[in-house]
Amino acid sequence: MYEDLYFDEDAVFMERNSRDFRRRVEVIDTNALAVCTFLRNRSLVADPPSPHAVVKHVYYPKWETSQHYERCRVRKDGAPAGGYGGLFSVTFTSAAASRAFYNTLGCQKGPSLGTNFTLASPYVILAHYAELDWAAQYGVEQSLVRVSVGLEDRDELLRDFERALQAAEATLGGANA
């Protein structure tokens, strides 16, 4: 049985937000790729890795199971269209680096995803706080930070991630590293 429970005002806002959806997704895709590339270039997988690297891994469709992503990717005139989305996760070499990065990151903090503004969340701590050992046995690291990239100015966004990464790198010399 179908029951229409959609609130009228929600429908109005949904329609308004759909008007420039394509433009917003393009900006988010481009911003996310720039941030992920920046973090990956300063990670342990960089060639060569930075001696100050605290980023262990950047989980983003461009570098994770891309063959599956490409099979489902939208195509225009036979070529892949669009980006890889605005959502990524990043892990760190230590809990101290993860905390410093998250606490310094100047974006909104919370578990929601897909907003027009950048959000960050210590995902594993929020989702599996009472079962951290269980999550770890499946390779889900406590230091994981999940980010949903928004529409902010790309250069400002990159400067903010640079500050957060510098704070994380500063933990290398501390007792908490």
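Tabulated data
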{"quantity": "Spatially proximal lysines relative to LYS76 (Cα-Cα < 28 Å; intrachain offsets below 8 disregarded)", "calculated": "LYS62"}
{"quantity": "Karplus-derived HN-Hα couplings along region 100-110 (A = 6.51, B = -1.76, C = 1.60, θ = phi - 60°), whole Hz, x at Gly and Pro", "calculated": "4, 4, 4, 5, 8, 4, x, 9, 5, 10, x"}
{"quantity": "³J(HN,Hα), Karplus 6.51/-1.76/1.60, whole Hz, each residue of region 154-169, x for Gly, Pro", "calculated": "4, 5, 5, 4, 5, 4, 5, 5, 4, 4, 5, 5, 4, 5, 5, 5"}
{"quantity": "Degrees separating the helix 21-41 axis from the principal Cα axis of the chain, which is the longest one", "calculated": "10"}
{"quantity": "For the chain, calculated [θ]222 nm from helices alone, where every DSSP H run of n ≥ 4 adds -39500 (n - 2.57)", "calculated": "-13000 deg cm²/dmol"}
{"quantity": "Å² of accessible area per residue within the chain, as computed with a 1.4 Å probe and no ligands counted", "calculated": "62"}
{"quantity": "Rounded to whole Hz, the Karplus (6.51, -1.76, 1.60) HN-Hα couplings of region 133-150, x for glycine and proline", "calculated": "5, 4, 4, 4, 5, 9, x, 8, 7, 4, 7, 5, 10, 9, 10, 10, 7, x"}
{"quantity": "If the convex hull is drawn through the Cα atoms of region 18-177, its volume per residue in Å³", "calculated": "133"}
{"quantity": "Stretchable slack from LEU44 to ARG19, in nm (0.36 nm times residue separation minus alpha-carbon distance)", "calculated": "4.9 nm"}
{"quantity": "Carbon + sulfur, % of accessible area of the chain - ligands and nucleic acids excluded, 1.4 Å", "calculated": "53"}
{"quantity": "More than 16 angstrom apart: percent of Cα pairs within region 91-152", "calculated": "46"}
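The values are calculated or read from the model by the stated rules, or taken from the named source; none is laboratory data. Quantities reported herein were computed from a predicted structural model and do not represent experimental measurements. Accessible surface is based on the protein model in full, side chains and every heavy atom, while ligands, DNA and RNA are left aside. Shrake-Rupley method; radii C 1.70, N 1.55, O 1.52, S 1.80 Å.
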